[in-house]
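J.: This is the structure I want to talk about, given as C-alpha coordinates.
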Amino acid sequence: MGDMPLKLVKQLCDQLKTKRTRSIVIEGSGEPFMHPGILDIISTIKASGFFLTILTNGTLLDQSIIQSLIETQVDVVKISLWANSVEGYIKSNPGVDPDNFRKVLDGLHLFASLKAKRKTNFPEVWIHNPINLYNFQSLCAMVDLAVKVKCNGLSYSPLVNFRGTLDHIALSEDEEVLARRYLLEAKRRLDLLSIQHNIDQVMLRYKMGEKVWDEIPCYIAWIHSRIRADGIVHPCCRCESELGNLYKSSFQECWDGTAMRTFRQQTLTKEGLIALNTNCDCRFCWHAPDNKRIHQIFKWLCR
(Lines give C-alpha, C1' and ligand atoms only; values in the text may rest on other atoms or scores of the structure.)
Protein backbone atom coordinates (compact mmCIF):
# COMPACT_ATOMS: atom_id res chain seq x y z
CA MET A 1 0.00 0.00 0.00
CA GLY A 2 2.91 2.38 0.63
CA ASP A 3 3.07 5.41 2.91
CA MET A 4 0.73 8.40 2.86
CA PRO A 5 2.74 11.42 1.63
CA LEU A 6 2.96 14.57 3.73
CA LYS A 7 1.48 16.61 0.86
CA LEU A 8 -1.75 14.59 1.03
CA VAL A 9 -1.86 14.94 4.82
CA LYS A 10 -1.58 18.73 4.53
CA GLN A 11 -4.35 18.84 1.92
CA LEU A 12 -6.54 16.58 4.02
CA CYS A 13 -6.07 18.71 7.15
CA ASP A 14 -7.15 21.82 5.23
CA GLN A 15 -10.22 20.01 3.90
CA LEU A 16 -11.16 18.50 7.26
CA LYS A 17 -11.10 21.91 8.92
CA THR A 18 -13.84 23.07 6.55
CA LYS A 19 -15.96 20.13 7.77
CA ARG A 20 -15.38 21.18 11.40
CA THR A 21 -13.57 17.93 12.16
CA ARG A 22 -12.14 17.91 15.67
CA SER A 23 -10.25 14.67 16.06
CA ILE A 24 -7.81 12.55 14.02
CA VAL A 25 -6.58 9.07 14.89
CA ILE A 26 -3.40 7.66 13.38
CA GLU A 27 -3.66 3.89 13.18
CA GLY A 28 -3.77 1.21 10.55
CA SER A 29 -2.59 -2.13 9.30
CA GLY A 30 1.05 -1.21 9.94
CA GLU A 31 3.05 0.43 12.71
CA PRO A 32 2.76 4.26 12.43
CA PHE A 33 6.32 4.91 13.59
CA MET A 34 7.72 2.92 10.66
CA HIS A 35 6.54 5.74 8.36
CA PRO A 36 9.71 7.73 7.50
CA GLY A 37 7.83 11.03 7.76
CA ILE A 38 5.61 10.28 10.73
CA LEU A 39 6.96 13.07 12.94
CA ASP A 40 6.32 15.66 10.20
CA ILE A 41 2.81 14.26 9.76
CA ILE A 42 2.18 14.53 13.50
CA SER A 43 3.46 18.12 13.57
CA THR A 44 1.22 19.03 10.62
CA ILE A 45 -1.88 17.57 12.25
CA LYS A 46 -1.24 19.27 15.59
CA ALA A 47 -0.37 22.61 13.92
CA SER A 48 -3.78 22.38 12.19
CA GLY A 49 -5.48 22.28 15.59
CA PHE A 50 -6.79 18.71 15.72
CA PHE A 51 -7.06 16.49 18.77
CA LEU A 52 -4.63 13.71 17.88
CA THR A 53 -4.61 10.09 19.06
CA ILE A 54 -1.90 7.67 17.95
CA LEU A 55 -2.20 3.88 18.18
CA THR A 56 1.13 2.03 18.22
CA ASN A 57 2.60 -1.31 19.25
CA GLY A 58 5.14 0.64 21.30
CA THR A 59 8.27 -1.17 20.15
CA LEU A 60 9.81 1.90 18.46
CA LEU A 61 9.21 4.44 21.23
CA ASP A 62 12.73 5.67 21.94
CA GLN A 63 13.75 8.90 23.67
CA SER A 64 13.86 10.94 20.47
CA ILE A 65 10.34 9.96 19.41
CA ILE A 66 8.87 10.40 22.88
CA GLN A 67 10.42 13.85 23.24
CA SER A 68 8.93 14.83 19.89
CA LEU A 69 5.46 13.61 20.94
CA ILE A 70 5.75 15.65 24.13
CA GLU A 71 6.96 18.78 22.32
CA THR A 72 4.20 18.68 19.70
CA GLN A 73 1.65 18.06 22.48
CA VAL A 74 0.09 14.96 20.98
CA ASP A 75 -3.09 14.40 22.97
CA VAL A 76 -3.22 10.62 23.43
CA VAL A 77 -0.84 7.73 22.70
CA LYS A 78 -2.40 4.27 22.98
CA ILE A 79 0.01 1.36 23.12
CA SER A 80 -1.49 -1.96 22.07
CA LEU A 81 -0.32 -4.67 24.45
CA TRP A 82 -1.87 -8.13 24.46
CA ALA A 83 -0.19 -9.38 27.63
CA ASN A 84 1.11 -8.32 31.02
CA SER A 85 4.06 -10.76 31.09
CA VAL A 86 6.70 -12.17 28.75
CA GLU A 87 5.00 -15.57 28.89
CA GLY A 88 1.66 -14.09 27.90
CA TYR A 89 3.33 -12.00 25.20
CA ILE A 90 4.84 -15.09 23.61
CA LYS A 91 1.45 -16.85 23.55
CA SER A 92 -0.38 -13.86 22.11
CA ASN A 93 2.35 -12.98 19.60
CA PRO A 94 3.72 -16.28 18.26
CA GLY A 95 6.89 -15.88 16.22
CA VAL A 96 7.55 -12.37 17.51
CA ASP A 97 10.75 -11.59 19.40
CA PRO A 98 9.77 -11.75 23.11
CA ASP A 99 12.30 -8.97 23.78
CA ASN A 100 9.71 -6.65 22.23
CA PHE A 101 7.75 -6.92 25.47
CA ARG A 102 10.71 -5.40 27.32
CA LYS A 103 10.99 -2.66 24.68
CA VAL A 104 7.34 -1.72 25.19
CA LEU A 105 7.73 -1.55 28.98
CA ASP A 106 10.93 0.49 28.63
CA GLY A 107 9.05 2.92 26.39
CA LEU A 108 6.22 3.25 28.88
CA HIS A 109 8.63 3.90 31.76
CA LEU A 110 10.52 6.45 29.63
CA PHE A 111 7.28 8.22 28.77
CA ALA A 112 6.44 8.62 32.47
CA SER A 113 9.97 9.79 33.29
CA LEU A 114 10.21 12.39 30.53
CA LYS A 115 6.71 13.75 31.18
CA ALA A 116 7.53 14.15 34.86
CA LYS A 117 10.83 15.85 33.99
CA ARG A 118 9.05 18.26 31.65
CA LYS A 119 6.16 18.70 34.09
CA THR A 120 3.63 18.13 31.33
CA ASN A 121 0.45 16.11 30.93
CA PHE A 122 1.00 15.66 27.18
CA PRO A 123 0.42 13.17 25.84
CA GLU A 124 -1.91 11.01 27.87
CA VAL A 125 -0.51 7.47 27.68
CA TRP A 126 -2.87 4.52 27.62
CA ILE A 127 -2.36 0.78 27.42
CA HIS A 128 -4.80 -0.84 25.01
CA ASN A 129 -5.57 -4.51 25.67
CA PRO A 130 -7.49 -6.52 23.00
CA ILE A 131 -9.19 -9.40 24.84
CA ASN A 132 -8.44 -12.90 23.59
CA LEU A 133 -8.14 -16.53 24.68
CA TYR A 134 -4.64 -16.08 26.06
CA ASN A 135 -5.17 -12.95 28.15
CA PHE A 136 -8.81 -12.79 29.30
CA GLN A 137 -7.89 -14.22 32.69
CA SER A 138 -5.31 -11.45 33.16
CA LEU A 139 -7.57 -8.44 32.64
CA CYS A 140 -7.22 -7.39 36.27
CA ALA A 141 -3.46 -7.94 36.17
CA MET A 142 -3.29 -5.33 33.40
CA VAL A 143 -4.41 -2.82 36.02
CA ASP A 144 -1.26 -3.60 38.02
CA LEU A 145 0.86 -3.04 34.92
CA ALA A 146 -0.87 0.28 34.18
CA VAL A 147 -0.09 1.43 37.72
CA LYS A 148 3.52 0.24 37.49
CA VAL A 149 4.26 2.21 34.31
CA LYS A 150 2.17 5.21 35.46
CA CYS A 151 -0.33 5.20 32.60
CA ASN A 152 -3.15 7.71 32.37
CA GLY A 153 -5.61 5.13 31.12
CA LEU A 154 -6.30 1.51 30.32
CA SER A 155 -8.61 0.51 27.50
CA TYR A 156 -9.89 -2.92 26.53
CA SER A 157 -11.49 -4.22 23.36
CA PRO A 158 -13.27 -7.40 22.28
CA LEU A 159 -11.05 -9.23 19.83
CA VAL A 160 -11.32 -7.89 16.27
CA ASN A 161 -11.76 -11.30 14.64
CA PHE A 162 -12.18 -10.02 11.09
CA ARG A 163 -13.86 -12.65 8.89
CA GLY A 164 -12.99 -15.36 11.42
CA THR A 165 -9.26 -15.07 10.80
CA LEU A 166 -8.59 -15.22 14.56
CA ASP A 167 -11.06 -17.95 15.53
CA HIS A 168 -8.22 -19.85 17.22
CA ILE A 169 -7.86 -17.17 19.91
CA ALA A 170 -11.50 -16.02 20.13
CA LEU A 171 -13.44 -16.54 23.36
CA SER A 172 -16.17 -19.15 23.78
CA GLU A 173 -19.49 -18.04 25.25
CA ASP A 174 -18.49 -19.31 28.71
CA GLU A 175 -15.11 -17.58 28.50
CA GLU A 176 -16.82 -14.36 27.46
CA VAL A 177 -18.99 -14.53 30.59
CA LEU A 178 -15.83 -14.82 32.70
CA ALA A 179 -14.18 -11.97 30.80
CA ARG A 180 -17.10 -9.68 31.64
CA ARG A 181 -16.73 -10.53 35.33
CA TYR A 182 -13.02 -9.74 35.21
CA LEU A 183 -13.77 -6.45 33.45
CA LEU A 184 -16.13 -5.37 36.21
CA GLU A 185 -13.47 -6.15 38.80
CA ALA A 186 -10.91 -4.20 36.76
CA LYS A 187 -13.33 -1.27 36.56
CA ARG A 188 -13.76 -1.24 40.35
CA ARG A 189 -10.00 -1.08 40.83
CA LEU A 190 -9.41 1.51 38.11
CA ASP A 191 -12.09 3.77 39.56
CA LEU A 192 -10.50 3.53 43.00
CA LEU A 193 -7.13 4.42 41.48
CA SER A 194 -8.61 7.28 39.40
CA ILE A 195 -7.22 5.74 36.20
CA GLN A 196 -9.27 6.37 33.06
CA HIS A 197 -10.82 3.42 31.25
CA ASN A 198 -13.45 2.45 28.66
CA ILE A 199 -15.00 -0.55 30.38
CA ASP A 200 -18.59 0.72 30.19
CA GLN A 201 -18.25 0.98 26.42
CA VAL A 202 -16.67 -2.48 26.21
CA MET A 203 -19.51 -4.00 28.24
CA LEU A 204 -21.99 -2.41 25.82
CA ARG A 205 -20.13 -3.91 22.86
CA TYR A 206 -20.28 -7.35 24.45
CA LYS A 207 -23.98 -6.87 25.23
CA MET A 208 -24.79 -6.02 21.61
CA GLY A 209 -22.55 -8.87 20.54
CA GLU A 210 -22.20 -10.32 17.08
CA LYS A 211 -25.59 -9.19 15.76
CA VAL A 212 -25.30 -5.53 16.62
CA TRP A 213 -27.53 -4.70 13.62
CA ASP A 214 -30.46 -6.18 15.57
CA GLU A 215 -30.07 -3.40 18.13
CA ILE A 216 -29.48 -0.08 16.36
CA PRO A 217 -28.79 1.46 12.94
CA CYS A 218 -25.27 2.53 12.00
CA TYR A 219 -24.59 6.26 11.86
CA ILE A 220 -20.82 6.01 11.44
CA ALA A 221 -20.73 7.51 7.95
CA TRP A 222 -22.19 10.74 9.35
CA ILE A 223 -19.44 11.27 11.92
CA HIS A 224 -16.34 9.33 10.88
CA SER A 225 -14.21 8.19 7.95
CA ARG A 226 -11.23 5.92 7.62
CA ILE A 227 -8.66 7.06 5.07
CA ARG A 228 -6.04 4.57 3.99
CA ALA A 229 -2.52 5.38 2.86
CA ASP A 230 -3.56 4.72 -0.76
CA GLY A 231 -6.24 7.41 -0.48
CA ILE A 232 -9.26 5.09 -0.35
CA VAL A 233 -12.03 6.29 1.95
CA HIS A 234 -13.94 3.74 4.04
CA PRO A 235 -16.67 4.40 6.63
CA CYS A 236 -14.64 2.66 9.35
CA CYS A 237 -11.83 0.17 9.91
CA ARG A 238 -14.22 -2.80 9.92
CA CYS A 239 -15.87 -2.00 6.59
CA GLU A 240 -14.40 -2.51 3.13
CA SER A 241 -17.01 -0.44 1.27
CA GLU A 242 -15.11 2.11 -0.83
CA LEU A 243 -16.66 5.55 -0.65
CA GLY A 244 -14.09 7.53 -2.61
CA ASN A 245 -10.38 8.07 -3.22
CA LEU A 246 -8.45 11.19 -2.25
CA TYR A 247 -6.12 10.78 -5.22
CA LYS A 248 -9.13 11.21 -7.49
CA SER A 249 -11.44 13.53 -5.53
CA SER A 250 -11.32 15.95 -2.62
CA PHE A 251 -12.54 14.80 0.78
CA GLN A 252 -15.51 17.15 0.39
CA GLU A 253 -16.49 15.38 -2.84
CA CYS A 254 -16.15 11.97 -1.16
CA TRP A 255 -18.10 13.07 1.92
CA ASP A 256 -21.00 14.44 -0.14
CA GLY A 257 -20.70 11.92 -2.98
CA THR A 258 -23.20 9.36 -4.25
CA ALA A 259 -21.40 6.38 -2.68
CA MET A 260 -21.38 7.99 0.77
CA ARG A 261 -25.04 9.06 0.56
CA THR A 262 -26.08 5.56 -0.55
CA PHE A 263 -24.13 3.98 2.30
CA ARG A 264 -25.75 6.29 4.86
CA GLN A 265 -29.22 5.37 3.66
CA GLN A 266 -28.46 1.66 3.62
CA THR A 267 -27.09 1.57 7.16
CA LEU A 268 -30.24 3.10 8.63
CA THR A 269 -32.12 -0.20 8.27
CA LYS A 270 -31.51 -3.69 9.59
CA GLU A 271 -31.97 -5.13 6.13
CA GLY A 272 -29.40 -2.74 4.72
CA LEU A 273 -26.86 -3.63 7.39
CA ILE A 274 -27.34 -7.34 6.79
CA ALA A 275 -26.87 -6.83 3.06
CA LEU A 276 -23.60 -5.00 3.77
CA ASN A 277 -22.22 -8.02 5.59
CA THR A 278 -20.32 -8.96 2.45
CA ASN A 279 -18.20 -5.83 2.92
CA CYS A 280 -18.45 -5.17 6.65
CA ASP A 281 -17.73 -7.11 9.83
CA CYS A 282 -19.83 -5.39 12.48
CA ARG A 283 -19.51 -7.96 15.26
CA PHE A 284 -18.77 -6.33 18.65
CA CYS A 285 -18.78 -3.01 16.79
CA TRP A 286 -16.13 -0.54 17.92
CA HIS A 287 -18.55 2.34 17.27
CA ALA A 288 -21.57 0.82 19.02
CA PRO A 289 -21.43 3.31 21.95
CA ASP A 290 -21.43 6.27 19.53
CA ASN A 291 -24.20 4.74 17.44
CA LYS A 292 -26.35 4.13 20.50
CA ARG A 293 -25.85 7.68 21.78
CA ILE A 294 -26.80 9.16 18.40
CA HIS A 295 -29.78 6.81 18.01
CA GLN A 296 -31.23 7.90 21.35
CA ILE A 297 -31.75 11.33 19.76
CA PHE A 298 -32.11 10.57 16.07
CA LYS A 299 -34.82 7.92 16.47
CA TRP A 300 -37.28 10.63 17.53
CA LEU A 301 -36.53 12.68 14.43
CA CYS A 302 -37.30 9.73 12.16
CA ARG A 303 -40.73 8.92 13.57
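J.: With a 1.4 Å probe and every protein chain kept in, tell me what percent of the accessible surface of region 184-303 is carbon plus sulfur.
T.: Details: 3430 of 6520 Å².
Accessible surface attributable to carbon and sulfur in region 184-303 totals 53 percent.
J.: Net charge near Trp255: determine it from the other residues with C-beta under 12 Å of the C-beta of Trp255, scoring Lys and Arg +1 and Asp and Glu -1.
T.: Working: positive: Lys19, Arg20, Arg261, Arg264; negative: Glu253, Asp256.
Net local charge, Trp255 excluded: +2.
J.: Ok, one more. With charges set only on the Cβ (+1 for Lys and Arg, -1 for Asp and Glu), what does the dipole of the chain come to about its Cα centre, in debye to the nearest 20? All intermediate terms of the calculation are to be shown ahead of the outcome.
T.: Working: 38 positive and 33 negative charges, 222 e Å.
So the magnitude is around 1060 debye.
J.: Give the accessible surface of the chain per residue, rounded to a whole number of Å², with probe radius 1.4 Å and ligands, DNA and RNA excluded. Intermediate values should be presented prior to the final figure.
T.: Values: 15710 Å² over 303 residues.
Heavy-atom accessible area per residue stands at 52 Å².
J.: Can you give me the C-alpha center-to-center distance between region 209-273 and region 100-165, rounded to a whole angstrom?
T.: Taking the Cα centre of each part, region 209-273 and region 100-165 sit 30 Å apart.
J.: Rounded to the nearest 20 Debye, what is the dipole magnitude of region 67-202 about its Cα centre when Lys and Arg each give +1 and Asp and Glu each give -1 at the C-beta? Walk me through the intermediate numbers first.
T.: Working: 16 positive and 16 negative charges, 124 e Å.
Approximately 600 debye in magnitude.
J.: Additional query: Which label belongs to the value computed from this structure, given these candidates for Kirkwood radius over Cα pairs in Å: (1) 20.6; (2) 21.4; (3) 18.9?
T.: Given (1) 20.6; (2) 21.4; (3) 18.9, the calculated one carries the label (1).
J.: Helix-only mean residue ellipticity at 222 nm, the chain, DSSP H runs n ≥ 4 weighted -39,500 (n - 2.57), per residue, nearest 500. What is it?
T.: Working: 13 runs with 136 residues, N = 303.
After summing the helix terms and dividing by residue count, I get -13500 deg cm²/dmol.
J.: Same structure, new question: Quickly work out the Leu8-to-Ile90 label distance, labels modelled 7 Å from Cα along the C-beta direction, and quote it in nm with one decimal.
T.: So the two model labels end up 4.0 nm from each other.
J.: In square angstrom, rounded to the nearest 10, how much accessible surface does His287 have for a 1.4 Å probe?
T.: Ignoring ligands and nucleic acids, His287 comes out at about 20 Å².
J.: Also, quick follow-up: Tell me, what ³J(HN,Hα) does each residue in region 234-241 have, in order and in whole Hz, if you take phi through Karplus 6.51 cos²θ - 1.76 cosθ + 1.60 with θ = phi - 60° and put x for Gly and Pro?
T.: These are the phi-based 3J(HN,Hα) values: 10, x, 7, 6, 9, 10, 9, 5 Hz.
J.: Something else about it: Pairs Lys46/Lys248; Lys46/Lys187; Lys187/Lys292: which are spaced more than 29 Å apart, C-alpha to C-alpha? List each step's numbers first, then the result.
T.: Values: Lys46/Lys248 26 Å; Lys46/Lys187 32 Å; Lys187/Lys292 21 Å.
In this structure, Lys46/Lys187 exceed 29 Å between Cα atoms.
J.: Say the dipole of region 94-146 comes from +1 at the beta carbon of Lys and Arg and -1 at that of Asp and Glu; which of Phe111, Gly95, Leu133 then lies farthest toward its positive end?
T.: It is Phe111.
J.: Kindly sort Lys150, Lys19, Lys115 by accessible area of their heavy atoms, largest first, with the probe set to 1.4 Å. Don't jump to the answer; show the numbers that get you there.
T.: Numbers: Lys150 155, Lys19 65, Lys115 25 Å².
Descending order: Lys150, Lys19, Lys115.
The values are calculated or read from the model by the stated rules, or taken from the named source; none is laboratory data. Here the structure is a predicted model, which means the values were calculated and not measured. Every residue, glycine among them, receives a Cβ derived from its backbone with ideal geometry; neighbour counts consider all protein chains shown. Side chains included, ligands, DNA and RNA excluded: accessible areas come from the protein's heavy atoms. Shrake-Rupley method; radii C 1.70, N 1.55, O 1.52, S 1.80 Å.
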